[in-house]
Amino acid sequence: MTSLTQTDWRSLARTLRPRRQAFIDGRFVDALSGRTFPAYNPATGEVIAEVAACDAADVDRAVRAARRAFESGVWRDLKPAERKAVLLRWAGLIRENLPELALLETLDTGKAIKESLSVDVPSAAAAIQWYAETIDKLYDEIAPNGPSSLVMVTREPVGVVAGVIPWNYPLIIASWKIGPALAAGNSMILKPAEEASLSALKLAELAQEAGLPDGVFNVVPGLGPEAGQAIGLHPDIDAVLFTGSTEVGRKFLEYSARSNLKRVGLELGGKSPHIVTADADLEKAAMYVAYAIWYNLGQTCNAGSRLIIEQSVKERFLELLRPWAQRLYPGDPLEPTTELGALISAEHLDRVRGYIELGQREGAEVAIGGRQIGQERGGWYLEPTVLVGVKNDMRVAREEIFGPVLSVLEFDRLEEAVAIANDSPYGLAAALWCRDISTAHRTARQLRAGTVWVNAFDHTSINAPFGGYKQSGHGRDKSLHAFDKVTELKTTWVEL
Ligand code: TAP
């Protein structure tokens, strides 16, 4: 399927009829209000679908369905092997529908079809499969309490779990929420981002085909302040797994406090530091620094957006980065060799451009890129950009730009680099390039981030936890740790 040409993808896109209704209680339905919102193709600026705009009434309908399904035991009381089989079928169907899902993801988000095909869809299938596999392998515990009692510690599903997710990796992040929530036996409601709902609706169709009982998995597309807020405030949702901005994450904590104290998992923003020392393998580091900031056009929560480079090698390193900025030049996302597509929206493009101008006003200089391109296509494209002369108190070093803009800061001593790296409200990820093993371990310990890479960036696996320190959130996606937010621990004490 990867042999399809740009023309093939374009003609497939013309025949594609994306699902646009909400999926509630096993049926595709319009929003009760009848309202819709447009889904745009960021590569062309065209509207590709009018999607159901769910609000509080639809969320309530979905919660009732999810609660009914949960209480009936139709899912949580299935034999583990049966539950596992359904999720494995779902993962299989995601793989079988690779071209359609990849195309939906690309049309809806502007990301390159190459990436949707090789990363987004396969990773989502792999995550659901991984959690399916845990279902009949996780054992509960017996606390050591002597011969006169049996103290069992068991995990039970919390009940109704909602996932509220962003637009940058719609399928992947959905799968990180769906996997643990459904494997644990919960029912689920998923609210995709306004800018990227289409692949979630296709997932719902495949869930039904896989045999997931009605009401166990629901998708309510809609706007954040309507559907999202209704989820946050709903008194009968037990947990919300949120991925998105720190600003909205804060709102979910407030919603929880104002409603039923539902559990809130927060995967939020980042401003990840990428430290490169003079003794590092600079050529390799340059490639990683380039992908760390420019992959998906920097619209990645853990994007390596602050390069902290040892002063003596700064100029040389910038020369090594230049060819990568040319190679990773944005193009038509449906051209199979394109690595970077378009930014998600016109507003986001303006926002990112605003940061480049702000950086210059703050005293930084554009060393690479900085221009909007591709206007003739109608979409929202920006060159890979590097700002030099950045100080860590500038807003371009402190705030999440969420675009292809690398801020370059300099250091003389490694302690300085660590201090700069840690001087951030965020703590999602960090990376260090150096050859000395004890420096690497010591520095990795000092970096306050949920993930630290040494001589790498963004290497990832579903079995390694992912999440942030500080205002990058709390709780972890991926790995067995993701079960913590969607399960209750029950102690059953039996006197013998
Ligand atoms: P947000 O604007 O925070 O949106 C995330 C989700 O929250 C969307 O579904 C959004 O709906 C909804 N929402 C917006 N306002 C809301 C409100 N007032 N009440 C309830 N829900 C609301 O983030 P985004 O722009 O989609 O994504 C970018 C952000 O996500 C960045 O900060 C990025 O770092 C973060 N992110 C973090 C991670 C991890 S793992 N830490 C991964 C990816 C992205 P609408 O789309 O309708 O507004």
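The values are calculated or read from the model by the stated rules, or taken from the named source; none is laboratory data. Keep in mind that this is a model prediction, so the values were computed, not measured. Virtual Cβ from ideal backbone geometry, glycine too; neighbours counted across all protein chains shown. Each accessible area value is taken on the protein alone, full model and side chains, heavy atoms only, with ligands, DNA and RNA left out. Shrake-Rupley method; radii C 1.70, N 1.55, O 1.52, S 1.80 Å.
Tell me, what is the per residue accessible area of the chain in Å², probe radius 1.4 Å?
Working: 19750 Å² over 496 residues.
That works out to 40 Å² per residue.
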- Query: Considering the alpha-carbon set of region 273-454 alone, what are its Rg and its Dmax in angstrom?
  - Reply: 15.8, 52
- Message: I'd like the trypsin sites (Lys or Arg not before Pro) in region 339-445 restricted to DSSP loop residues with at most 16 other Cβ atoms within 10 Å, sorted by number.
- Response: 371, 391, 413, 435
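Give me the dipole magnitude in Debye, nearest 20, for the chain about the Cα centre, with unit charges on the beta carbon: positive for Lys and Arg, negative for Asp and Glu. Please report the intermediate quantities before stating the final value.
On the way: 54 positive and 63 negative charges, 95 e Å.
It comes to approximately 460 debye.
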- So the angle from the long Cα axis of helix 198-210 to the longest Cα principal axis of the chain, reported in degrees to the nearest 10, equals 40
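For region 273-454, which whole-number percentage of the solvent-accessible area (1.4 Å probe, protein heavy atoms only) is attributable to carbon and sulfur atoms?
Numbers: 3390 of 7170 Å².
Ligands and nucleic acids excluded, carbon and sulfur reach 47 percent.
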- Item | For region 12-268: Kirkwood Rh in Å [reciprocal of mean 1/r, alpha carbons] | 18.4
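Nearest 20 debye, what's the magnitude of the dipole of region 273-454 about its Cα centre given +1 on Lys and Arg Cβ and -1 on Asp and Glu Cβ?
Values: 19 positive and 25 negative charges, 53 e Å.
Charge dipole of region 273-454: 260 debye, to the nearest 20.
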- Query: Normalised by the residues of region 268-413, what does the relative contact order come to in percent, with Cα pairs under 8 Å and at least six apart?
  - Reply: 28
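In whole angstrom, how long is each semi-axis of the equivalent ellipsoid of region 19-67, when you take the square root of 5 times every eigenvalue of its Cα gyration tensor and sort them from largest down? Write down the numbers at each step before the final one.
Details: eigenvalues 123, 21, 13 Å².
The three semi-axes for region 19-67 are 25, 10, 8 Å.
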- Message: I need the P(r) histogram for the chain: all alpha carbon pairs, bin width 10 Å from 0 out to the longest distance, whole percents.
- Response: 4, 20, 28, 26, 15, 6, 1, 0
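If you roll a 1.4 Å probe over region 171-264 with all protein chains in place, what percent of the accessible area is carbon or sulfur? Could the numbers behind the result be given before it?
Values: 1300 of 2600 Å².
Percent of accessible area from carbon and sulfur atoms in region 171-264: 50.
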- Could you tell me which of 150, 59, 420 has its Cα farthest along the dipole of the chain towards the positive end, charges placed at Cβ (Lys, Arg +1; Asp, Glu -1), taken about the Cα centre? 150
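Compute the relative contact order of the chain as a whole-number percentage, counting only Cα pairs closer than 8 Å that sit 6 or more residues apart in sequence.
Relative contact order of the chain: 18 percent.
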- Cross-link list 391/470; 314/478; 114/391: which exceed 29 angstrom alpha carbon to alpha carbon? 314/478; 114/391
- Note on the structure: Here, residue 357 and residue 57, labelled 7 Å along Cα→Cβ, have an inter-label distance in nm of 4.2
- Task: Place a label point 7 angstrom from the Cα of residue 456 along the Cα-to-Cβ direction, then list the residues of region 290-305 whose backbone nitrogen is under 15 Å away.
- Result: 292
- Extension gain, residue 100 back to residue 74 (0.36 nm per residue minus Cα-Cα distance, nm): 6.3 nm
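So what is the relative contact order for region 12-268, in percent, with contacts set as C-alpha pairs under 8 Å and at least six apart? Let's see the in-between values first.
On the way: 529 pairs, mean separation 64.0, N = 257.
Computed over region 12-268, the figure is 25 percent.
If R0 is 25 Å, what FRET efficiency do you get for residue 480 and residue 81 from their C-beta distance, rounded to 0.05? Intermediate values should be presented prior to the final figure.
Working: r = 19 Å, r/R0 = 0.76.
Efficiency at R0 = 25 Å is approximately 0.85.
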